[in-house]
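Read through the structure below, which is laid out as structure tokens, and then see the notes.
The values are calculated or read from the model by the stated rules, or taken from the named source; none is laboratory data. Since this is a predicted model, take the numbers as computed values, not measurements. Backbone-built Cβ (ideal geometry, glycine too); neighbour counts: all protein chains shown. Ligands, DNA and RNA are stripped out before the accessible areas are found, and what is left, the full protein with its side chains, is counted by its heavy atoms. Shrake-Rupley method; radii C 1.70, N 1.55, O 1.52, S 1.80 Å.
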Amino acid sequence: MRLGELSERSGVSTATIKYYLREGLLAPGRQINATTAEYGEDHLRRLRLVRALIQVGRVPVANARQALKHVDDDSLGLTMRLGAALWELPQGPEPDEADPATAAARAQVDRLLAELGWESAREIGALSPVHRSLVGLVALLIRLGYPCDAELMAPYAQLMHAAARLDLDRMETYASDTEKVELAVSSAVLFEPVLRALHRMAQEEESARRYGIV
């Protein structure tokens, strides 16, 4: 397809597509002549992902470029490829190492991972921005007077593990590793808000069942 058709099918203006091409967020098309390039279904799929990152996830262009670089890095195993791409997405607060609450929070997170048997998460530890974000969030709760310990987090973590299995089951229906990682990244941006809304809706439903609507 030509640039105009790519724009029409994706819903992204030609000017924006050209910007994504200049920024290295979208691979160049196959050059037909000096002024015309041809694009394929891979470009359409990648354009949707770029749009999700930039327009919906509000991911800075530099982070989006780096995330996409990891998506395409077939020198990495699938776990590292997936993790590296997701680490480029916006995370929660970094822990303040000068705050006593941070040490208490890290102890609870470490205890949680040990109790769950999440050995890979324990090994990666502070190298992971996700791990650091969890420590920072737990520390914030402690500072605000809302203790958040391993016992409280454990059942929620188990539910999230079940959700992760569903995520990977869905990923495995895609043929290539690139498509699998693309799905994981787009889901992190687009589907996590759906999960949050479902959680709140479930709270409303359970409250009505227990206490009535009135």
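Entry remark, region 68-78: residues being farther than 18 Å from Val50 by Cβ and either touching a Pro at 6+ places or on another chain (Cβ under 8 Å) or touching a residue at least 12 places away in the same chain (Cβ under 8 Å) (or both) number 2 in total. Restricting attention to region 83-117 and to residues that are out of contact with any helix residue (DSSP H, G or I) (no Cβ under 8 Å at 6 or more places or on another chain) and not in a helix (DSSP H, G or I), the residue that is modelled with the highest pLDDT turns out to be Gly117. Under 9 Å between Cβ atoms, at least 6 apart or on separate chains: pull out the pairs that start in region 115-136 with a residue that is within 15 Å of Trp87 (Cβ to Cβ) and end on any residue that is aromatic (Phe, Trp, Tyr) and surrounded by 14 or more Cβ atoms within 10 Å (Cβ to Cβ). Note: pairs meeting the criteria are Ser128/Trp87; Pro129/Trp87; Val130/Trp87.
In region 185-208, the residues that are touching a residue at least 12 places away in the same chain (Cβ under 8 Å) and part of a helix (DSSP H, G or I) reach residues that are surrounded by fewer than 13 Cβ atoms within 10 Å (Cβ to Cβ) and not small (Gly, Ala, Ser) with C-beta atoms within less than 9 angstrom, at least six apart or across chains, in these pairs: Val189/Val56; Leu190/Val56.
Restricting attention to region 179-198, report how many residues are open to solvent by 80 Å² or more (accessible area, probe 1.4 Å) and either touching a His at 6+ places or on another chain (Cβ under 8 Å) or under 20 Å from Gln91 (Cα atoms) (or both). Before you say what the answer is, go through the steps one by one.
Step one: of region 179-198, the residues open to solvent by 80 Å² or more (accessible area, probe 1.4 Å) are 190-192, 196, 198.
Then drop every residue that is not either touching a His at 6+ places or on another chain (Cβ under 8 Å) or under 20 Å from Gln91 (Cα atoms) (or both), which leaves 190-192, 196.
Result for region 179-198: 4.
Against the condition over 16 Å from the mean Cα position of the chain (by Cα) and surrounded by 11 or more Cβ atoms within 10 Å (Cβ to Cβ), how does Tyr211 come out, does it pass? For Tyr211, the condition - over 16 Å from the mean Cα position of the chain (by Cα) and surrounded by 11 or more Cβ atoms within 10 Å (Cβ to Cβ) - is not met. Of all residues in region 13-70, those satisfying the criterion of being basic (Lys, Arg) and surrounded by 15 or more Cβ atoms within 10 Å (Cβ to Cβ) are Arg45, Arg46, Arg48, Arg51, Arg65. Exactly one residue among Ala139, Ala202 is modelled with pLDDT of 95 or more, more than 17 Å from the chain's Cα centre (by Cα), surrounded by 12 or more Cβ atoms within 10 Å (Cβ to Cβ) and not charged (D, E, K, R), and that residue is Ala139.
Take the conditions of a type in the set (A, V, I, L, M, F, W, C), surrounded by fewer than 15 Cβ atoms within 10 Å (Cβ to Cβ) and not in a loop (DSSP other than H, G, I, E, B) and apply them to Ala126. Does it pass? Here the answer is yes, as Ala126 does meet what is asked.
Would you check if Leu168 is more than 17 Å from Gly83 (Cα to Cα), part of a helix (DSSP H, G or I), free of Cβ contacts under 8 Å to residues at least 24 places away in the same chain and not charged (D, E, K, R)?
Values: more than 17 Å from Gly83 (Cα to Cα): no; part of a helix (DSSP H, G or I): yes; free of Cβ contacts under 8 Å to residues at least 24 places away in the same chain: yes; not charged (D, E, K, R): yes.
Spelling it out, it is not the case that Leu168 is more than 17 Å from Gly83 (Cα to Cα), part of a helix (DSSP H, G or I), free of Cβ contacts under 8 Å to residues at least 24 places away in the same chain and not charged (D, E, K, R).
Count, please, the residues in region 7-40 that happen to be at pLDDT 90 or above and either in contact with a Ser or Thr (Cβ under 8 Å, 6 or more places away or on another chain) or in a helix (DSSP H, G or I) (or both). Adding up the residues that qualify gives 13.
Considering Pro129, Pro60, which residue is within 30 Å of Glu151 (Cβ to Cβ) and of a type outside the set (Lys, Arg)? Lay out the reasoning, then the answer.
Values: Pro60 fails: within 30 Å of Glu151 (Cβ to Cβ).
Just one listed residue meets the conditions, Pro129.
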